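Here is the structure we will look at, set down as C-alpha cells.
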Ligand SMILES: C[S@@+](CC[C@H](N)C(=O)[O-])C[C@H]1O[C@@H](n2cnc3c(N)ncnc32)[C@H](O)[C@@H]1O
C-alpha cells in the first residue's frame with residue numbers, strides 16, 4: 001500500500017487524529033455499530049458487572065455495554081487517542097454524569113486497571129494495533145478469575161494468520177478459547193476460575 005494512503009488510513013482509523021480522525025470516528029460509529037452490538041452479545045453481560053472496553057473509538061460499544069450492565073454496573077473505556085476519548089465522552093455523556101461509565105487514556109498493553117477487577121473485557125477492531133503478547137497479558141491480569149475476553153475484528157485488516165489469536169491468548173494464560181474465523185473474526189476466551 002502506498003505510504004500516503006497508509007498514513008491517511010492511520011489518521012482516520014488506526015490512531016485517529018485531526019479532521020481525518022473525526023471523519024473516521026463518524027464512519028466507524030455508523031459502519032461498525034452492528035459489530036459492536038454483536039460483541040456485546042458475545043460477552044453475555046449482565047446487570048452489575050464491570051466491563052472494560054479496549055480501543056473504544058467513538059464509543060458506540062461503550063454506550064451499549066452501559067445499557068447491558070445497568071443498573072449497578074460500571075464501564076471503563078481505554079483508548080490512546082484523545083480525539084476518540086472526546087467523541088466517546090460526548091456519546092456517553094449521560095452515563096458519565098450518572099457515574100456508571102468512565103473514559104480513560106490507555107491501551108490494551110496498559111489498561112491501568114487493578115488486578116482481577118474486571119468481569120468482561122471487549123475489543124472491537126483494534127487487536128491488529130496491539131503489541132499482542134503484552135496486550136493479552138495485561139487483559140488477563142485485570143480480569144477476575146472466571147472473567148472473559150471478547151475480541152472481534154474485520155478479517156481483512158489482519159496481516160497475520162487469524163489462528164495466531166488463539167495461540168497468543170493461550171500463551172497469556174486464557175483457557176476455553178473459542179475462535180471463529182469468519183467475517184468478522186471472533187474470539188472468546190476465559191481466565192481460569
Ligand atoms: C479502527 S478503530 C476501532 C474503534 C471501534 N472499536 C470500532 O470498531 O468502530 C481502532 C481504535 O483502537 C485504538 N487503538 C490504537 N492502538 C491501540 C492499542 N494499542 N490498544 C487499544 N486501542 C488502540 C485507536 O485509537 C482507535 O480508537
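Restricting the search to region 13-26, which residues are farther than 18 Å from residue 123 by Cα and assigned to a helix (DSSP H, G or I)?
Residues satisfying the conditions are 18, 19, 20, 21, 22, 23, 26.
Could you grab me the full set of residues in region 45-67 that are part of a helix (DSSP H, G or I) and away from the ligand (no atom under 16 Å from the Cβ)?
Within region 45-67, 67 is the sole residue that qualifies.
Being touching a residue at least 60 places away in the same chain (Cβ under 8 Å) and in a strand (DSSP E or B) is the filter; apply it to region 142-165 and report the residue that is farthest from residue 127 (Cα to Cα).
Here the residue is 148.
May I ask you to verify whether residue 85 is within 30 Å of residue 190 (Cβ to Cβ), assigned to a strand (DSSP E or B) and either more than 10 Å from the ligand (Cβ to nearest atom) or touching a strand residue (DSSP E or B) at 6+ places or on another chain (Cβ under 7 Å) (or both)?
When the stated conditions are applied, residue 85 does not pass them.
I need the full set of residues from region 129-145 which are within 13 Å of the ligand (Cβ to nearest atom) and touching a strand residue (DSSP E or B) at 6+ places or on another chain (Cβ under 6 Å), in order please.
Matches in region 129-145: 139 only.
Can you find a residue in region 99-117 that is within 13 Å of the ligand (Cβ to nearest atom), assigned to a loop (DSSP other than H, G, I, E, B) and farther than 18 Å from residue 53 by Cα?
no
Quick one: residue 35 ticks every box in (1) out of contact with any helix residue (DSSP H, G or I) (no Cβ under 7 Å at 6 or more places or on another chain); (2) closer than 25 Å to residue 144 by Cβ; (3) touching a residue at least 40 places away in the same chain (Cβ under 8 Å) except a single one, so which number is it?
The single condition residue 35 does not satisfy is (2).
Each row is one residue, and each column tells you yes or no for (1) touching a strand residue (DSSP E or B) at 6+ places or on another chain (Cβ under 7 Å); (2) buried (at least 20 other Cβ atoms within 10 Å of the Cβ); (3) farther than 25 Å from residue 25 by Cβ.
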position	(1), (2), (3)
92	yes, yes, no
97	no, no, no
108	yes, yes, no
127	yes, yes, no
147	yes, yes, yes
159	no, no, no
162	yes, no, yes
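Of (1) touching a residue at least 24 places away in the same chain (Cβ under 8 Å); (2) touching a helix residue (DSSP H, G or I) at 6+ places or on another chain (Cβ under 6 Å); (3) outside any helix (DSSP H, G or I); (4) surrounded by 15 or more Cβ atoms within 10 Å (Cβ to Cβ), residue 168 satisfies all except one. Which?
For residue 168, the failing item is (3).
Yes or no: residue 13 closer than 24 Å to residue 136 by Cα and within 18 Å of the chain's Cα centre (by Cα)?
Yes, satisfied.
Does region 28-42 contain at least one residue that is modelled with pLDDT of 95 or more, more than 11 Å from the ligand (Cβ to nearest atom) and under 21 Å from residue 112 (Cβ atoms)?
No, region 28-42 contains no residue that is modelled with pLDDT of 95 or more, more than 11 Å from the ligand (Cβ to nearest atom) and under 21 Å from residue 112 (Cβ atoms).
Could you check residue 18 against (1) within 16 Å of residue 59 (Cβ to Cβ); (2) in contact (Cβ under 8 Å) with a residue 40 or more places away in the chain and say which number it fails?
Condition not satisfied by residue 18: (1).
Would you mind stating whether residue 9 is assigned to a helix (DSSP H, G or I), touching a residue at least 40 places away in the same chain (Cβ under 8 Å) and surrounded by fewer than 20 Cβ atoms within 10 Å (Cβ to Cβ)?
In short, no.
The values are calculated or read from the model by the stated rules, or taken from the named source; none is laboratory data. Keep in mind it's a predicted model, so treat the numbers as computed, not measured. Here Cβ is always computed from backbone atoms with ideal geometry, including for glycine, and neighbour counts include all displayed protein chains.
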